[in-house]
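Structure record follows, encoded as structure tokens.
The values are calculated or read from the model by the stated rules, or taken from the named source; none is laboratory data. Computed from a prediction, not measured in an experiment: that's the story for all the values here. Note: ideal-geometry Cβ built from the backbone for every residue, glycine included; neighbour counts use all protein chains shown.
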Amino acid sequence: MLNLWPFPLDAALGGFVLSLGLIVAIGAQNAFVLRQGLRREHVGVLVLACSLSDAVLMAIGVAGLGSLIGESVWLARGLAAVGMAFLLLYGLRSLKQAMHPGSLEAAQGPALSLRAALMQLTAFTLLNPHVYLDTVLLVGSVGAQQPDASARVAFVAGAASASVLWFTALGYGARWLSPLFARRRAWQVLDVVIGLMMIALAVSLWPMVLGTV
């Protein structure tokens, strides 16, 4: 049987789930993309910019941390422990947040030129320290734990695919998604799902912390 996907699917799925869990949250960047989607202003360019920035930062994290991990077993176990702790805290925070759900509403305002929209998006993306924590450090540390280069490529591809899927849905599906995101119950369910996914991913890192894989 012809294998049309030469990379490990489990690594790609792991990257996809982790990235989606991190990116689907109430925040300035998501609210801005939703706003532009509702107004149908520069949606394609903004979706592409968000997706590319995430993919580049994730690849930098996986490649950079991957090369360091290859030189030190103890560093690999340490980063796995840090990633596990962060995922556990993130998951528990999501479950706690589910008890006090918020809502996401698109801001109203005047039309923006493409330049102004890109400048605002850049500020929302690159001036947010959580972006680097999520994409470079967390996704990087988990992705760098993959056993070989093909698995790391698959992990980054899966993680980047989640970003593309989310921002495409948010930008182009804004008119249908915004009523859902404005409902606190929807975010409550989403927070529970994200919390459970993050905790499951944290548990999966335990063998790496012990050095048994």
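General remarks:
- Test: residue in segment 129-148 that is surrounded by fewer than 20 Cβ atoms within 10 Å (Cβ to Cβ) and of a type in the set (S, T, N, Q): no
Let's see how each residue does on (1) modelled with pLDDT of 80 or more; (2) buried (at least 18 other Cβ atoms within 10 Å of the Cβ):
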residue	(1), (2)
10	yes, no
32	yes, yes
35	no, yes
47	yes, yes
51	yes, yes
56	yes, no
59	yes, yes
68	no, no
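- Looking only at residues of segment 72-97 that are closer than 11 Å to residue 211 by Cβ and buried (at least 19 other Cβ atoms within 10 Å of the Cβ), we find that the one that is modelled with the highest pLDDT is 80.
- Considering each residue of segment 150-162 in turn, at least one proves to be within 22 Å of residue 93 (Cβ to Cβ) and either in a helix (DSSP H, G or I) or of a type in the set (D, E, K, R) (or both).
- Here residue 14 meets the list (1) surrounded by 22 or more Cβ atoms within 10 Å (Cβ to Cβ); (2) more than 23 Å from residue 201 (Cα to Cα) almost entirely, failing just condition (2).
- Residue 173 meets each of the listed conditions (1) buried (at least 18 other Cβ atoms within 10 Å of the Cβ); (2) at pLDDT 80 or above apart from (1).
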